[in-house]
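Engineer: I have a structure I would like to understand better, so I am pasting it below and will then ask my questions one at a time.
The values are calculated or read from the model by the stated rules, or taken from the named source; none is laboratory data. Please read these numbers as outputs of a predicted model, since none were measured by experiment. Note: ideal-geometry Cβ built from the backbone for every residue, glycine included; neighbour counts use all protein chains shown.
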4 protein chains.
Amino acid sequence: MAGSVNKVILVGNLGKDPEIRRTQDGRPIANLSIATSETWRDKGTGERKEKTEWHRVVIFNEGLCKVAEQYLKKGAKVYIEGALQTRKWTDQSGVEKYSTEVVLQGFNSTLTMLDGRSGGGGSFADDAGGDFGSSGPSMAPPRRAVASAGGGGRNNDMDDDIPF
Amino acid sequence: MAGSVNKVILVGNLGKDPEIRRTQDGRPIANLSIATSETWRDKGTGERKEKTEWHRVVIFNEGLCKVAEQYLKKGAKVYIEGALQTRKWTDQSGVEKYSTEVVLQGFNSTLTMLDGRSGGGGSFADDAGGDFGSSGPSMAPPRRAVASAGGGGRNNDMDDDIPF
Amino acid sequence: MAGSVNKVILVGNLGKDPEIRRTQDGRPIANLSIATSETWRDKGTGERKEKTEWHRVVIFNEGLCKVAEQYLKKGAKVYIEGALQTRKWTDQSGVEKYSTEVVLQGFNSTLTMLDGRSGGGGSFADDAGGDFGSSGPSMAPPRRAVASAGGGGRNNDMDDDIPF
Amino acid sequence: MAGSVNKVILVGNLGKDPEIRRTQDGRPIANLSIATSETWRDKGTGERKEKTEWHRVVIFNEGLCKVAEQYLKKGAKVYIEGALQTRKWTDQSGVEKYSTEVVLQGFNSTLTMLDGRSGGGGSFADDAGGDFGSSGPSMAPPRRAVASAGGGGRNNDMDDDIPF
DNA sequence: TTTT
DNA sequence: TTTT
C-alpha cells in the first residue's frame, strides 16, 4: 500500500524494571510495561475518576535495548515512539490468542527518558547502528544526531538568540 | 498520574465498510478496520517484501460516527488520531480474551478523509458536541474549528499567499 | 482542502515563566518559550555537541491559560500538542516580518506537565469549556476526560489486570 | 537536555513543484511548500470559513530528496514528519530575518506520498544510508524497513487476514 | 531563557 | 506493575 503511517506515541511510567532477553543469535529484546492514565471528574457525581491503561512495549533495536537496560527502572517516566503490531500466538491449551504491542524497531522509533536522573539519559533514536558516530565497538549509547546530518551545505549559524 | 500521553496516529485504508451499531440508549458506535503496511527490500535476497498490519478502530463520538457512516467506504484512505485501549472480554466458550483497539472518544481524537471524493470530506475533530457551531439538531458533521476559537485579540491577517 | 493535518508535538523546558496577557474583551493569552535540544557526537572529532531550539508557544484557550498561569514556571518540563501558524506583522520601522508559532487553540491541543510537582498538575486537553465537568464558575483546571465521553453504551469493565 | 522532543506532523498538498538545489559539495537539498487548511462554520453567521497555512519544508537527506525530485509534483498530497527549526538570515538590505522551517534530516524524519499514483510511491523514512539495504550505488529510493530489523527471534507468522 |  |  502506498502511503501508510503506523505510529504510537506514549508518555508514561514503567510499571516494573525492563525485562531483557536474547534471541538464539544473540540479539537483545527488551520488554517494557508502561502505564498511562486519564483522570476526569464525573459529570454526575462530581467525583474524581482515574483509569490506567497498560501498554506492552517491545524493543528490538540493540542500541535502545542497552539504553533500557542501563538507564530505565520501575517508575521511570519515558517518551516512546513506535508502531502498533498484533501478534498471534497459541497458549499451552492450544487456544489462539492475539497480543498487540508497541514495537520499537528500525526507523522512526524513539525512546527518551523524561526524568533526568543519573546524568546518563538523553534522547535516543533507534539508529540501528547507523550513520552517526555512536556505532563501533564502544558501548556508548547511541545519540540522536539530527543536527549533524546534512550539516554541510547549510548556513547553520544558529546562535541561540530568540527571535521573539 | 500527572503527565501521561496515549496517542495513536494511523494513515491507512479501510479493509471494509464501517460497521455501525447502537448502544441500548441509542448512542452510535462505529468500528473501522484499517490497514497499514510497510515495504522494504530484503537485505539478503534483495527482494521486495511487504507486511500489512490491521488495526481495529472504535469510534464512540456521535459526530465522528456520522462522518464514518456517511463518507467512509471500503478502500477509503483516512488519517485517524486516537488512543490505545485494551479490553478484556469472554468468548462463547468462556475463554478470557484481550482486544486492543484504537479508540476515538473525547478530545484529541481526529478522523480525516484523505481521498477527497464526494465533496463531503474534510477534517473532523471529535468535539463531543462542543463549543463550535456544529452542534444542535442539525445533522451536519462537526467541523474542526481551530481558527475561530480565540480569534479575538489577534491579528489574523494571513492572506493565503505563500510567504516563501 | 479536504484532509489536512497540522500538528506539533514538543517535549521541552520553559526558558522563563509563562507570560499572560489579556485581549480587549478579556480573553487570556499565554506565551511560553520552550527549549528542545539535540545532542550528538561529532563524527570527526568525537566531541559532544548540543543544539538548542527555542519554540514560541501561544495558548488561546482559557482553561489552558489558567493551567499555564497557575502551574508552570521557568524550568518546568511540558508536553504540548498544537498547530503551526505563521503570522505576518510590521515592526516599528515598517519592515514586514513573519513569526511562526505553535498555537494551542481549539481541539487537538494539549498541555501536560511532566514534572509532577505541586500535586496540582495532570494532563489537560483544550476543551474550550466543553462537555466535561470542568466548566462553570469553578476555577478548577479542566481535566482531560477521555474515559467519560461515550462511557454509556460500553462494557468498560477494565480492571487493571495486565494481559501480558 | 535530557528528554526533549521536537516533532512536526503535516498532511497537506504541495503548492508548487519541489525545488531542488545542491550544496557546494554536491549534497541535494529539497524545499517543499505544503499547505494545510482548516475549515469551520462561523458561530455567529453560520457561514463556512477556511484558513490555509503554508509550511516551508526543507529536506536534507539525500534519499528523501530523490524521492521528492522524482515523485512529488505540485498538488501532491504528502505526510511528512520532521522537526521545527528557526534560522536567522540577513536579507539584501541588511535586515535580520528569521525563518522557521520543518526540517527532514537524520532520524525520525518521514516523507510519505498519500496519492498513490505512478506506482512509485510508498513510505520512506530518512535512513541516511543506514542499515537497510537501500544504500550503495543504486539510485533506488530508501525503503522503510521496520519489519526486517530484528526479525530474528520473533514469531512473525502474521498472515494478512483481518483478525476481527 | 531551559535542561543534561 | 507506574504515577498523582
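Engineer: Restricting the first residue to region A:70-90 and requiring it to be within 18 Å of A:Val102 (Cα to Cα) and within 11 Å of chain D (Cβ to nearest Cβ), which pairs with a second residue that is in a loop (DSSP other than H, G, I, E, B) and hydroxyl-bearing (Ser, Thr, Tyr) meet a Cβ separation below 7 Å and a spacing of at least six or different chains?
Structural biologist: A:Glu81/A:Ser109; A:Gly82/A:Ser109
Engineer: Every residue in region C:72-105 that is within 18 Å of C:Thr36 (Cα to Cα) and of a type in the set (Val, Ile, Thr), please.
Structural biologist: Scanning region C:72-105 gives C:Val78, C:Ile80, C:Thr100, C:Val102, C:Val103.
Engineer: Now a separate question. From the list C:Glu62, C:Glu69, C:Glu38, which one is within 13 Å of DNA strand E (Cβ to nearest atom) and either modelled with pLDDT under 95 or surrounded by fewer than 22 Cβ atoms within 10 Å (Cβ to Cβ) (or both)?
Structural biologist: On the way: C:Glu62 fails: within 13 Å of DNA strand E (Cβ to nearest atom); C:Glu69 fails: within 13 Å of DNA strand E (Cβ to nearest atom).
Just one listed residue meets the conditions, C:Glu38.
Engineer: Out of the residues in region A:91-100 that are facing another protein chain (nearest Cβ under 8 Å) and within 23 Å of B:Val57 (Cβ to Cβ), which is surrounded by the most Cβ atoms within 10 Å (Cβ to Cβ)?
Structural biologist: Here the answer is A:Thr100.
Engineer: Within region C:12-26, identify whether any single residue is basic (Lys, Arg) and more than 10 Å from DNA strand E (Cβ to nearest atom), and answer yes or no. Spell out how you get there, then give the answer.
Structural biologist: Filtering region C:12-26 for residues basic (Lys, Arg) gives C:16, C:21-22.
Of the ones still in play, those that are also more than 10 Å from DNA strand E (Cβ to nearest atom) are C:21-22.
Yes: region C:12-26 contains one or more residues that are basic (Lys, Arg) and more than 10 Å from DNA strand E (Cβ to nearest atom).
Engineer: Every residue in region D:2-35 that is on the phi > 0 side of the Ramachandran plot and surrounded by fewer than 22 Cβ atoms within 10 Å (Cβ to Cβ), please.
Structural biologist: The answer is D:Gly26, and nothing else.
Engineer: Please work out if B:Gln92 is away from DNA strand E (no atom under 16 Å from the Cβ), on the phi < 0 side of the Ramachandran plot, of a type in the set (S, T, N, Q) and at pLDDT below 95.
Structural biologist: Yes: the conditions hold for B:Gln92.
Engineer: How many residues are touching a Leu at 6+ places or on another chain (Cβ under 6 Å) and modelled with pLDDT under 95 if we restrict to region C:1-35?
Structural biologist: Within region C:1-35, residues that are touching a Leu at 6+ places or on another chain (Cβ under 6 Å) and modelled with pLDDT under 95 number 1.
Engineer: Condition first: within 7 Å of another protein chain (Cβ to nearest Cβ) and under 17 Å from D:Glu69 (Cα atoms). Now tell me which residues in region D:24-44 satisfy that.
Structural biologist: Result: D:Arg27, D:Ile29, D:Ser33.
Engineer: Then there's this: State whether the residues of region D:5-16 include one that is over 28 Å from C:Val78 (Cα atoms) and within 14 Å of the chain's Cα centre (by Cα).
Structural biologist: yes
Engineer: Here's something else I'd like to know. Yes or no: A:Asp115 within 23 Å of C:Leu114 (Cα to Cα), crowded, with 16+ Cβ neighbours inside 10 Å, of a type in the set (Asp, Glu) and at pLDDT below 95? Spell out how you get there, then give the answer.
Structural biologist: Details: within 23 Å of C:Leu114 (Cα to Cα): yes; crowded, with 16+ Cβ neighbours inside 10 Å: yes; of a type in the set (Asp, Glu): yes; at pLDDT below 95: yes.
Here the answer is yes, as A:Asp115 does meet what is asked.
Engineer: Report whether or not A:Arg21 is without any contact (Cβ under 8 Å) to a residue 12 or more places away in the chain and away from chain D (no Cβ under 14 Å). Working first, answer last.
Structural biologist: Numbers: without any contact (Cβ under 8 Å) to a residue 12 or more places away in the chain: yes; away from chain D (no Cβ under 14 Å): no.
No, not satisfied.
Engineer: Output the residues belonging to region C:41-59 that are over 17 Å from C:Thr110 (Cα atoms) and buried (at least 23 other Cβ atoms within 10 Å of the Cβ).
Structural biologist: C:Glu53
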